Amino acid sequence: MTGMKQKKKAVIFDFDGTLCNTSPGILATMRKTFEEMGKAVPTATEMRATIGLPLADALRLLAHLDEEET
């Protein structure tokens, strides 16, 4: 079947960080979370370094929590 076009069934986009810069929203949400937890708010650089990690892991690292606390 060379020369025949195949119909695409799906298109997948890597939206976060590729098509749109979502880091401002992520950082604002993290800031608010730390404030609500009564924890010191990490710097933007520290928070940005955890983007892409599972949320529980990022919070554990940034807030210096034990695994049981997340």
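In segment 41-66, of all residues being open to solvent by 70 Å² or more (accessible area, probe 1.4 Å) and over 22 Å from Gly17 (Cβ atoms), the one that is modelled with the lowest pLDDT corresponds to Asp66. Which ones in segment 1-40 are open to solvent by less than 60 Å² (accessible area, probe 1.4 Å) and aliphatic (A, V, I, L, M)? Hits for segment 1-40 are Ile26, Leu27, Ala28, Met30.
Here the condition is being of a type outside the set (A, V, I, L, M) and under 10 Å from the mean Cα position of the chain (by Cα); of Thr33, Thr22, Thr43, Thr29, it holds for Thr22 alone. Pairs linking a residue in segment 1-24 that is more than 20 Å from Ala49 (Cβ to Cβ) to a residue that is at pLDDT 85 or above and open to solvent by less than 80 Å² (accessible area, probe 1.4 Å), with Cβ atoms under 7 Å and 6 or more positions apart or on different chains, do not occur.
Candidates Ala44, Ala58, Ala28, Ala49: the one that is out of contact with any helix residue (DSSP H, G or I) (no Cβ under 7 Å at 6 or more places or on another chain) and touching a residue at least 12 places away in the same chain (Cβ under 8 Å) is Ala58.
The values are calculated or read from the model by the stated rules, or taken from the named source; none is laboratory data. Everything quoted here is computed from the prediction, not taken from an experiment. Don't worry about glycine lacking a Cβ; one is built from the backbone with ideal geometry, like all the others, and counts go over all protein chains shown. With ligands, DNA and RNA removed, areas are computed over all heavy atoms of the protein, side chains included. Shrake-Rupley method; radii C 1.70, N 1.55, O 1.52, S 1.80 Å.
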